[in-house]
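In what follows, a structure is listed as structure tokens, so that the remarks can point back to it.
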Amino acid sequence: MSDRMVLRVKGRVLAGPDDVRDELWAVDGRITYERPVGVRDVPVVHGWALPGLVDAHCHVGLDRHGPVDEATSEKQALTDREAGTLLIRDAGSPSDTRWIDDRDDLPKIIRAGRHIARTRRYIRNYAHEIEPGDLVAYVAREARRGDGWVKLVGDWLDRETGDLGACWPRGEVEAAIAQAHRLGARVTAHCFAEESLRDLVEAGIDCIEHATGLTEDTIPLFAERGVAIVPTLVNIATFPHLADGGEAKFPRWSAHMRALHARRYDTVRAAYDAGVPVFVGTDAGGSLAHGLVADEVAELVKAGIPAIDALSATAWGARRWLGRPLLEEGAPADLVVYDEDPRADVRVLAAPRWIILNGRIVSG
Ligand SMILES: [Zn+2]
């Protein structure tokens, strides 16, 4: 046995939706399909292997009250890892979680910096709360601080109208998105309602989080521009509870939230049918628990997305969208192995057998 760290994965390696191999090797943390020479007594794991799952809307370093300490952030990241999430797109965090990049036992994170919201128009302690005149400067700042994404809060309760309302004028948001693009960052926005969507897409936005307000008016626009959505259905499930809480003070807002919730599956299905790219995100880290990736995939299937595409939304497709490798030669050996075929039933995702990160078994 050499000094190299070697692991063999046998069974069905689901390298792509139509690319199934019999085995792969992890050598010194990297994938190879060529049997390494001169190694013996290599540990072997068996099963159906997927690339490490993607949670494209997750918050590490945050809880319902705001930023948390490093021990809590570590626990969050470990909980995601145990669920098979090995790549996180962090959709906004006030904490500095850069130290996680030096830990080869924790999921990889693509950060969107800190949320950028309108003054008093978001959850307390989360966001930079600013006015439109400062939007370009803050977007530039977070574009430099993040890993290729910037996160806006596109709509929120407007206390004056008592309903959800758009947060940014078209001109400012268009300038801000152009600035992010010049700096090499993509922009996404939290949007529950209908109102802000057309302006944001026409302003050049790359993705919308939640996107419960999509309608037959805006879905074709998203499809035409290739603007992705991350529905976070496990979070949308909490809308009726939120609506109950706000009923006395903001009845219009409550009714709106209930209506968006009631049509959530139809909305996601219609977007998918029109060709809008849909990705898995759990919104863990605010009020939601970490580790819900399998539940979100199951929700997308419940909405009517075929199992193979719901799987791709957390596996192959999501990785391509984020510019990260699949199970390919030379890529980091980040994979999750299951006892059964997740393509046949996505509920298999709820019980990973082996979790392998940088070529090392971290769970199983
Ligand atoms: Zn979120």
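The values are calculated or read from the model by the stated rules, or taken from the named source; none is laboratory data. As the structure is a computational prediction, the values presented were derived from the model and not from experiment. Here Cβ is always computed from backbone atoms with ideal geometry, including for glycine, and neighbour counts include all displayed protein chains. For the accessible areas, the whole protein counts, side chains as well, though only heavy atoms, and no ligand, DNA or RNA atoms are used. Shrake-Rupley method; radii C 1.70, N 1.55, O 1.52, S 1.80 Å.
Below, the figures for the structure above:
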item: Qualifying position, being within 16 Å of the ligand (Cβ to nearest atom), closer than 25 Å to ALA303 by Cα and either modelled with pLDDT of 95 or more or surrounded by fewer than 21 Cβ atoms within 10 Å (Cβ to Cβ) (or both), among PHE192, PHE222; result: PHE192
item: Matching option when the condition is within 16 Å of the ligand (Cβ to nearest atom), in the same structural domain as GLY133 (by TED's automatic domain parsing) and buried (at least 22 other Cβ atoms within 10 Å of the Cβ), among VAL187, VAL173; result: VAL187
item: Tabulated pairs, region 165-190, first among the basic types (Lys, Arg), second part of a helix (DSSP H, G or I) and open to solvent by 10 Å² or more (accessible area, probe 1.4 Å), C-beta under 8 angstrom, 6+ apart or interchain; result: ARG170/ASP199; ARG170/GLU202
item: Region 240-267, subset of a type in the set (Phe, Trp, Tyr) and in a helix (DSSP H, G or I), residue nearest to ILE305 (Cα to Cα); result: TYR265
item: Answer residue from region 324-349, given it is of a type in the set (Gly, Ala, Ser) and in contact (Cβ under 8 Å) with a residue 60 or more places away in the chain and is nearest to GLY52 (Cα to Cα) among those; result: ALA333
item: Qualifying position, being on the phi > 0 side of the Ramachandran plot and at pLDDT 95 or above, among GLY154, GLY184, GLY146; result: GLY184
item: Only one of ALA284, ALA289 that is within 16 Å of the ligand (Cβ to nearest atom) and in contact with a His (Cβ under 6 Å, 6 or more places away or on another chain); result: ALA284
item: Neighbours by Cβ (under 7 Å, 6+ apart or cross-chain): first from region 197-213, within 15 Å of ALA176 (Cα to Cα); second open to solvent by 10 Å² or more (accessible area, probe 1.4 Å) and acidic (Asp, Glu); result: ALA203/GLU174; GLY204/GLU174
item: Set THR72, THR119: member being more than 16 Å from the ligand (Cβ to nearest atom), without any contact (Cβ under 8 Å) to a residue 40 or more places away in the chain and within 30 Å of ARG159 (Cα to Cα); result: THR119
